[in-house]
Amino acid sequence: MKLALLTLAATLAALAADPPQFDISNTNIKAKLYIPDAASGYYRATRFDWAGALASLDWKGHSYFGKWFDSYDPKIHDSITGPVEEFSALGYDEAAQGGNFIKIGVGALVKPAEPAYQQFKTYDIADPGRWIVITASDHVDFLHYLNDTNGYAYEYRKTVRITLNGLVLDHGLRNTGKKTISTSVYEHNFYMLDAQPSGPALSVKLPFAPKAAANLRGLAEIRGNEIAYLKELQPRETILTDISGFSSKVTDYDIRVENRATGAAVRQTSDRPMSKMVFWSVRNTVSPEAYIDLTVEPGKEITWRIQYEFYTVAKQ
């Protein structure tokens, strides 16, 4: 009986333990990153890249990321904090039922009997690949290796680095397989500026005049180059729309989110142009989602950078 109780206690302690994570900091920023782990990682679903999600980031007394959802399960597709990225699936259509397809940053997944790929579904993982994580005081390097899966294979690296007033995500994708990798990736930021609800104090500013494809239903409106909230979103109220109006110039990938109630603000840029933009928001978070198209021939490598600058605006 005593041995059984000790075993139960050890099991409960393991379940209660925090998932693998690592702290980085400098004079102005303190951040906590989740570390990928197929057995005990914070996120074990198959929608988003497992590398680089931030449990929290504080800059000069302002917070930018955190737990925006109410219920948590590591296998739920959006039980994840920002900024986090999703790659489009590779090889799904050509895979046979029971065969494998690819999500970069996750691994090789099993294709079940279904009519089409389901973005929000958590698939069985046939091969999680191999992760190497290298930590330092101000950055973390994530390396993910996936061996041949129906002709697809890659080496993916992502470095999350803090600067004095910002955050830099550097990426590299090397195609080590036989087939061309053609995918897209977007940044799902899950911004939570000082954990304030989405409402009139919050705005999203762009260097172009955005056009919303969907009816914003009186929750928000377009004002020149700004997406403005008309009311404080309530639980279960959602804004979701494709955004057009941007060009192929890299300078159009320039997104500012500002909270005039607390003064917290962030500017997001990239060294690659946007191929698509989606705007999504619920009460607890705002996510302007900028997509980048990627094509990598066998034996070749592509790199890209997403950069965040934290700043303040006058309170109103």
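What follows draws every value from the coordinates through simple rules; no lab data is involved. On a predicted model such as this, the values are computed, not experimentally measured, just so you know. With ideal geometry, Cβ positions are generated from the backbone for all residues, glycine too; neighbour counts draw on all protein chains shown.
For Asp49, the amide hydrogen comes within under 5 Å of the amide hydrogens of Glu85, Glu86, Phe87, counting only partners 5 or more places away or on other chains and with H modelled in the peptide plane. Considering only the other residues whose Cβ falls under 15 Å of the Cβ of Val313, what net charge follows from Lys and Arg at +1 and Asp and Glu at -1? Computed value for this residue: +2. What does the charge count around Gly61 come to, taking other residues whose C-beta lies under 15 Å from its C-beta (Lys +1, Arg +1, Asp -1, Glu -1)? With Lys, Arg at +1 and Asp, Glu at -1, the neighbours total +1. In the elastic network of the chain, a GNM with C-alpha springs shorter than 10 Å, the most mobile of Ala213, Ala89, Ala228 is Ala213. Annotation for the stretch 259-316: trypsin sites (Lys or Arg not before Pro) lying in DSSP loop with at most 14 further Cβ atoms inside 10 Å of their Cβ are Lys300, Lys315.
Given +1 at the Cβ of Lys and Arg, -1 at the Cβ of Asp and Glu and no other charges, the dipole of the chain around its Cα centre is 380 debye to the nearest 20.
In the stretch 33-131, the alpha-carbon atoms span a convex hull of 100 Å³ per residue.
Cβ crowding within 10 Å ranks Glu297, Glu86 as Glu297, Glu86, fewest other Cβ atoms first. Each residue, Ala213 and Val110, gets one label point 7 Å from its Cα in the Cβ direction; the gap between the two is 3.4 nm. Computing Rg/Rh (Cα atoms, Kirkwood Rh) for the structure here picks out one of (i) 0.94; (ii) 0.98; (iii) 1.04, namely (ii).
In sequence order, the stretch 259-264 has phi-based couplings of 10, 6, 6, 10, x, 6 Hz under the Karplus curve 6.51 cos²θ - 1.76 cosθ + 1.60, θ = phi - 60°, and Gly or Pro positions carry x. When only alpha carbons are used to place a centre, the stretch 258-276 and the stretch 135-170 end up 22 Å from one another.
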